[in-house]
1. Take peptides 260-273, 27-40 and line them up by average Cβ neighbours within 10 Å, highest first, as a rough protection proxy.
2. Grab the DSSP H runs of the chain that are 4 residues or longer, score each as -39,500 (n - 2.57), total them, divide by all residues and round the 222 nm result to the nearest 500 deg cm²/dmol.
3. Could you state the angle between the C-alpha long axis of helix 44-66 and the longest principal axis of the C-alpha atoms of the chain, as a value from 0 to 90 degrees rounded to the nearest 10?
4. Report, in degrees rounded to the nearest 10, the 0 to 90 angle that the Cα long axis of helix 280-293 makes with the longest principal axis of the chain.
5. How far is the Cα center of segment 97-134 from the Cα center of segment 212-254, in Å?
6. Measure out, as a whole number of angstrom, how far apart the alpha-carbon centroids of segment 293-331 and segment 26-87 sit.
7. Given Lys172/Lys217; Lys3/Lys319; Lys203/Lys260; Lys96/Lys150; Lys203/Lys230, which pairs have Cα atoms separated by over 19 Å?
8. Where does each of Val121, Val43 land when they are ranked from fewest to most other beta-carbon atoms within 10 angstrom?
Amino acid sequence: MSKIILGIESSCDDTSAAVVSDGILLSNVIASQKVHEAYGGVVPELASRAHIQNIVPVVSEALRQAGVSKEQLSAIAFTRGPGLLGSLLVGTSFAKGLAIALQIPVIDVNHLHGHVLAQFVRTAETDEVPEFPFMCLLISGGNSQIIMVKSPSDMEILGRTIDDAAGEAFDKCAKVLGLPYPGGPHIDRLAAEGDPHRFKFAKPHIPGLDYSFSGLKTSFLYTLRDNLRKDPDFITNNIADLAASLQHTIIEILLDKLDKAVKEHPVKQLAIGGGVSANSGVRTAIERFCAERGIRAWIPPRSFTTDNAAMVAIAGYFKLLEGDYASLDLPPYSRVTI
Ligand code: KG4
């Protein structure tokens, strides 16, 4: 009998549901919340309320697109954390309620494991997946980590950010440029038109494989301040060059540590995951980085880089194969690493 799993993601501002059957993705529905745009960031209470409104239609649509009835499900996987607690409670409670009604197990998924395991989302068209072990650069709105992925459940963090995440560097700098939230995709779009070498921003000098992006943010602000004194239209007149130079510096910071990581921990395969791995410049740079070193690059489709339930369903599928189910009294958690 097929093992069919429903995945539910509600950790931040996307309500998503996906169906995976015997490891193959049948549907992946995402309702993004527009309500936060006016505030320049995610408002937790509004996110929870929007999840409550979205979750039933999103799950119904995922089942409909997959051509699967509720009764055919073998298990329900849900994001347990990290994320916004109120948002996580919606997905967690919904998953448990539906599982009780259907008398099937629930499976808890660490959101970060989900981003890493997004490499294993197989569709009818793409059937290739990485082999363990591989290295993963996980770059999202809240995390920047270099991870050695030994198995679906055994992941060792080799380096992590000590302050801001790469996504925060994109979003916070974009905000001062007057761009909408989240700013990463806007910087990506503008950077395509700009000169990446026009402005020089500070790069961190911290030991080991850890990242830091707060110095870059400060240096970006100083550049704006100094130039705005001379030219009040400095941002408008130079926005593409500012975006391109910012993106270039973030990529350099990411690759400097990655270079050190693959020297210290030689690997044959390297994957990227998390929202920032949707960035065009990052994707091209990783392709080149891997090609120069004879490493196979795993770059997921953009739809599996930002928050989605396909990655939750596939991470849950690995646990289903192990019979690793969650207890119904398991609470969500807001913070954790891997
Ligand atoms: O993985 P994700 O959806 O949420 C977290 O789990 O954190 O990542 C969101 C982050 C945001 O910071 C957003 O600006 C960034 O991913 N992002 C991008 C791009 N698309 C999303 N950053 C740069 N370029 C993009 N194309």
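Read-outs: derived from the displayed coordinates by stated rules, not from any lab. In this text, all values refer to a predicted model and were calculated from it rather than measured experimentally. Here the Cβ positions follow ideal geometry from the backbone for every residue, glycine too, while neighbour counts run over all protein chains shown.
1. Details: 260-273: 18.2, 27-40: 16.4.
Ranking the peptides 260-273, 27-40 by packing returns 260-273, 27-40.
2. Values: 9 runs with 143 residues, N = 338.
My calculation for the chain gives -14000 deg cm²/dmol from helical runs alone.
3. 60
4. 90
5. 38
6. 16
7. On the way: Lys172/Lys217 8 Å; Lys3/Lys319 12 Å; Lys203/Lys260 15 Å; Lys96/Lys150 30 Å; Lys203/Lys230 25 Å.
Result: Lys96/Lys150; Lys203/Lys230 exceed 19 Å.
8. Val43, Val121
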